[in-house]
Amino acid sequence: MILTGLLCGALLGFVIQRGRFCLTGGFRDMYIAKDNRMLYALLIAIAIQSVGVYALIETGVIEYSAGQIPWVATIIGAYVFGIGIVLAGGCATGTWYRAGEGLIGSWIALAGYMLMSAVMKTGALKPVNSSLKDTAVTNNSIPDTFGLNVWLFIALLVVITLFFVIRTLRKPKVKIPSLPPKRQGLAHLLFEKRWHPFFTAILVGLIAILAWPLSEATGRNSGLGITTPSANVLQYLVTGDDSKYINWGVFLVLGILLGSFIAAKASREFRFRVPDAKTAVSSFFGGILMGFGASWAGGCTIGNGLVQTAMMTWQGWIALAFMILGTWTASYFMFVRPRARAAKQRAATLQATTA
């Protein structure tokens, strides 16, 4: 459990650090910069995982049941989580890997995220966490809802993903000036050359497949997950109950931290960066909202946005949509509206000056 959890997490942390696989920035750029590349990258990872995991299910390697969907909790929780990741400066996974780079702001966000996740799952807010989950729909599986084979939906996802990927790759590339490489060979490719988001997504999808059998071998019937393991870390530190809170997922998230640290040190990107007071407060409050929202929604951008979507569940795709909507809402109030006001004030000042 320790070795496979750390290994899978370290691989994931290394890949997302080097590939800058940031879904918060990707969702924000969809709204602000009209850039959908990170969404298409996420679709690549989802499609690859979906094909691989359902192949494992077909061959009897793993078992899976979609269960119910607490749709009210999923919608509200995902929306709150989307707001939180903008305030925190990164999603759950992004916070873990950026903490490995030495960002103190991410450590602050991570503290708020772990704290609220633990409070929601086993603490004073446990009744709140379970309050909306009674409002559920029995069938969470999209294929079962329509009475169709899951492979039809997987094939549709693959076709849609290929369409957007090919169309994006065919667009004229903008050459970005760069300094001459300081390294050669594999060292240059691993630690210096900028990774394409689509290449990173392929690796993330493969790691997501690997997580299923490794996790199930330890008795944890699930794939990648961040929120509950993050809460478990704090719960273990407080209670010392290793039999209840130490599991494969705990070593997964610790592995993400380790893998990111290794990647950041090797690429000379690791350094301690202390945020100003305003950013620190925003990071902690964002982490609180992340823990609150992810607990209600039953997962974060990884648990819902990557894993549950690949399993073709209503919960995954509904949560992904409302996470994006929450991200756009926070982005409007934090970036779009202030910029519009500043531009308006500059225009008014210029007009008054020339009058």
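The values are calculated or read from the model by the stated rules, or taken from the named source; none is laboratory data. Fair warning: this is a prediction, and the values are worked out from it, not measured in the lab. As a convention, Cβ positions derive from the backbone with ideal geometry for all residues, glycine included, and neighbour counts pool all protein chains shown. To get the accessible areas, we keep the full protein, side chains included, count just its heavy atoms, and leave off ligands, DNA and RNA. Shrake-Rupley method; radii C 1.70, N 1.55, O 1.52, S 1.80 Å.
State whether one or more residues within region 333-340 are at pLDDT 90 or above, closer than 23 Å to Leu252 by Cα and open to solvent by 10 Å² or more (accessible area, probe 1.4 Å).
No; the residues of region 333-340 include none that is at pLDDT 90 or above, closer than 23 Å to Leu252 by Cα and open to solvent by 10 Å² or more (accessible area, probe 1.4 Å).
Of the conditions (1) touching a Leu at 6+ places or on another chain (Cβ under 9 Å); (2) open to solvent by 80 Å² or more (accessible area, probe 1.4 Å), Pro172 clears all except one; give me its number.
With respect to (1) touching a Leu at 6+ places or on another chain (Cβ under 9 Å); (2) open to solvent by 80 Å² or more (accessible area, probe 1.4 Å), Pro172 is out only on (1).
Name the residues in region 12-46 that are under 17 Å from Phe153 (Cβ atoms) and open to solvent by 10 Å² or more (accessible area, probe 1.4 Å), would you?
Leu43, Ile44
Residues Gln315, Gln345: which one is open to solvent by 70 Å² or more (accessible area, probe 1.4 Å), more than 20 Å from Tyr97 (Cβ to Cβ) and either among the polar types (S, T, N, Q) or part of a loop (DSSP other than H, G, I, E, B) (or both)?
Gln345
Cβ-Cβ distance below 9 Å, separation of 6 or more or different chains: which pairs start in region 277-293 with a residue that is without any contact (Cβ under 8 Å) to a residue 60 or more places away in the chain and end on one that is open to solvent by 20 Å² or more (accessible area, probe 1.4 Å)?
Sorted first by the residue in region 277-293, then by its partner, the pairs are Val281/Ile108.
Just one of the numbered conditions (1) in a helix (DSSP H, G or I); (2) among the hydroxyl-bearing types (Ser, Thr, Tyr); (3) touching a residue at least 40 places away in the same chain (Cβ under 8 Å) is not true of Thr301; which one?
The one condition Thr301 does not meet is (1).
I need the full set of residues from region 55-91 which are in contact with a strand residue (DSSP E or B) (Cβ under 7 Å, 6 or more places away or on another chain) and crowded, with 22+ Cβ neighbours inside 10 Å, in order please.
Selection gives Ile69 alone.
Please list, ordered by residue number, the helices (runs of 4 or more DSSP H) wholly in region 192-263 having 2 or more residues that are open to solvent by less than 50 Å² (accessible area, probe 1.4 Å) and in contact (Cβ under 8 Å) with a residue 40 or more places away in the chain.
Of the helices (runs of 4 or more DSSP H) lying wholly inside region 192-263, those with at least 2 residues that are open to solvent by less than 50 Å² (accessible area, probe 1.4 Å) and in contact (Cβ under 8 Å) with a residue 40 or more places away in the chain span 197-216, 227-239.
Conditions: (1) at pLDDT 95 or above; (2) surrounded by fewer than 24 Cβ atoms within 10 Å (Cβ to Cβ); (3) not acidic (Asp, Glu). Thr138 meets all but one. Number of the miss?
Failing condition for Thr138: (1).
Is there any pair with a first residue in region 28-49 that is more than 18 Å from Arg170 (Cβ to Cβ) and touching a residue at least 12 places away in the same chain (Cβ under 8 Å) and a second that is hydroxyl-bearing (Ser, Thr, Tyr) and buried (at least 23 other Cβ atoms within 10 Å of the Cβ) whose Cβ atoms are under 6 Å apart and which are 6 or more apart or on different chains, and what are they?
Sorted first by the residue in region 28-49, then by its partner, the pairs are Arg28/Thr327; Ile46/Thr309.
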